[in-house]
Amino acid sequence: MPESPIRKLVPYADAAQKKGRKIYYLNIGQPDIKTPEIALQAIKDANIEVLSYSHSAGFESYRNGLARYYQKINPAINGSNVLVTTGGSEALLFAMGSIADAGDEIIIPEPFYANYNGFAISSGIKVVPVISSIENNFALPPISEFEKLITPKTKGILICNPGNPTGYMYSKEEIEQLAAIVKKHDLFLIADEVYREFAYDGLTHTSVLSIPGIEENSIVIDSVSKRYSMCGARIGCIVSQNKEIMATALKFAQARLSPPTYEQIAAEAALNTPQSYFDEVIGEYKERRDLLISELQKIPNVKVAIPGGAFYCIAELPVKDADVFAQWLLENFELNNETVMVAPAAGFYSTPGKGKNQVRIAYVLKKEDLKQAVTILKAALEVYSD
Ligand SMILES: Cc1ncc(COP(=O)(O)O)c(C=O)c1O
């Protein structure tokens, strides 16, 4: 199993903190945004005498509620197309296990969410990367590049839209191109859409659920973690109109018995979060993105791709090895007793040697903190030599 590049430096951060150092955590997608009150209140109001297992597929009322949410994308979705999971993480594991056997392959545009590597490895699946680059903002590689990689063992294509760690938002045309290729080669298209709402600059998100003709191919991964800033709830879901996939995913779900009860209560209540909450949160993230990008662009020799969605960006730094630099930041650098933690980007690639001078930065902190964090990063780069 690979280590998580997002969490592997935690012992160094803990040690720095014990020394009394303040750390700005830019490494992890843990938003400081408040969870909707309606969700927290639902837990307080729940009158439970026996904290029992729930249905393996999740509460029926919650699945139906989720179906109503997805009906805005595709009116044909119903509760039987939804299976509640313990976070988007488990949804990814179930989806991979449901489409592929050990030894099979899944094509993923890289850089990609690092834990795809871990989930694929634990399912015996080979990740076949198709490279997207910072030079063209991590746009979808040409379809011909995907076709070159398809073998008899290829079971699907996995995308993250909008992307973690790139923030890239796929256009409708790009999604349609992917739809055509999965149809032509009879593959699955898994779309991790956990950041669906977080779209900036007037960009609109295209869900694979909205594309006609790939109902049997498409599988959506979703989560309440980021949408409602409920990372600790550990609630997500799989959505697919393919009955066989849902029946297979249910077997995985039965093996782990059921998703958590209180958290389903909160997640179900969160479905009634008013639009004003999202308008405010999205406005806040956009301001943070603008600030982060403009501050990073002021640092000499730093290259950054502009994210159109989610809340991450990849920055290329004037260092040889971002792993060593990120550890040095925690162990050996401070500006007025403060430092920053970033996620080295090599772990978001599966091609050895790729992303070595890149880091992923999450803009999940408030603007003053983000600005201070970039000031520290700039000061660190001025004195660092490798
Ligand atoms: C792209 C992506 N997918 C899935 C997940 C998993 O989220 P969770 O298991 O908290 O729902 C994350 C978490 O950061 C993510 O960034």
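Nothing in this text is a laboratory measurement; each read-out follows from the coordinates by a stated rule. Just so we're clear, the structure is a prediction, and the values are computed from it rather than from any experiment. Because the Cβ atoms are built from the backbone with ideal geometry, glycine has one as well, and the counts that use them run over all protein chains shown.
Given all pairs of different Cα atoms, what value in angstroms does the Kirkwood hydrodynamic radius of region 49-146 take?
Answer for region 49-146: a Kirkwood hydrodynamic radius of 16.1 Å.
Spin-label point model (7 Å from Cα, Cβ direction): what's the residue 303 to residue 145 distance in nm?
1.4
Let me know the Rg and Dmax you get for the chain when you use only its Cα atoms, in Å.
When restricted to the Cα atoms of the chain, Rg and Dmax are 20.7, 60 Å.
To the nearest µm²/s, what D does Stokes-Einstein give for region 125-248 at 25 °C and 0.890 mPa s, using the Kirkwood radius over alpha carbon pairs as Rh?
160
Over all Cα pairs of region 260-386, how is the pair count split among 5 Å bins, expressed in % and running from 0 up to the last occupied bin?
2, 10, 17, 19, 16, 11, 9, 7, 6, 2, 0
Which one, 42, 53, 17, projects farthest toward the positive side of the charge dipole computed for region 1-64 from Cβ point charges (K/R +1, D/E -1)?
17
Could you tell me the distance between the Cα centroids of region 49-85 and region 312-336, to the nearest Å?
42
Using a basic spin-label model with each label point 7 Å from the Cα along Cα→Cβ, how many nm lie between residue 369 and residue 51?
Going by the 7 Å Cα→Cβ label model, 2.8 nm.
Report the paramagnetic label zone for residue 153: residues of region 97-127 whose backbone N is under 15 Å from a point 7 Å from Cα along the Cα-to-Cβ axis.
Backbone N within reach: 100-108, 120-127.
Please express the Cα-Cα pair-distance distribution P(r) of region 265-326 as a list of whole percents, one per 10 Å bin, running from 0 to the bin with the greatest distance.
That works out to 18, 34, 25, 16, 8, in percent per bin.
Quick one: dipole size for region 48-133, taken about the Cα centre, charges +1 on Lys/Arg Cβ and -1 on Asp/Glu Cβ, in debye to the nearest 20.
In debye, rounded to 20, region 48-133 gives about 300.
When you count, for each residue, the other Cβ atoms within 10 Å and take the mean per peptide, how do 101-111, 29-39 rank with the highest first?
101-111, 29-39
Could I have the simple spin-label model distance between residue 248 and residue 14, label points 7 Å from Cα toward Cβ, reported in nm to one decimal?
3.9
Just to check I understand the Karplus step: with θ = phi - 60° and J = 6.51 cos²θ - 1.76 cosθ + 1.60, what whole-Hz values come out for region 266-276, glycine and proline as x?
5, 5, 5, 5, 4, 4, 8, 4, x, 4, 4
Could you give the spread of the C-alpha atoms of region 1-89 along their three principal axes, from largest to smallest, in whole angstroms?
Per principal axis, max minus min of the Cα coordinates gives 53, 34, 27 Å.
List nothing, just return the count: lysine pairs in region 284-386, 8 or more apart or interchain, with Cα separation under 15 Å.
Final tally of qualifying lysine pairs is 10.
For region 82-138, just run the numbers: alpha carbon Rg, then divide by 2.2 N^0.38 Å, N being how many residues it has.
In units of the globular-protein estimate, region 82-138 measures up at 1.23.
Hey, got the dipole for the chain? About the Cα centre, +1 on K and R Cβ, -1 on D and E Cβ, debye to the nearest 20?
Computed about the Cα centre, the dipole is about 360 debye.
Using +1 at the C-beta of Lys and Arg and -1 at the C-beta of Asp and Glu, which of 150, 374, 205 has the Cα lying farthest in the positive direction of the dipole of the chain?
374
Using 0.36 nm per residue of separation minus the Cα-Cα distance, give me the extension gain between residue 186 and residue 3 in nm, one decimal.
Gain on extension, residue 186 to residue 3, equals 62.6 nm.
For region 126-142 and region 220-294, what is the centre-to-centre distance using only Cα atoms, to the nearest Å?
Measuring centre to centre over Cα atoms gives 26 Å.
With no solvent and one point on each alpha carbon, what is the Debye value of log10 I(q)/I(0) for region 223-317 at q = 0.24 Å⁻¹?
-1.19
If the only charges are +1 at each Lys and Arg Cβ and -1 at each Asp and Glu Cβ, what is the size of the charge dipole of region 117-199 around the Cα centre, to the nearest 20 debye?
Computed about the Cα centre, the dipole is about 360 debye.
Summing -39500 (n - 2.57) over the DSSP H runs of n ≥ 4 in the chain and dividing by its residue number, what mean residue ellipticity at 222 nm do you reach, to the nearest 500 deg cm²/dmol?
One gets -11500 deg cm²/dmol as the mean residue ellipticity at 222 nm.
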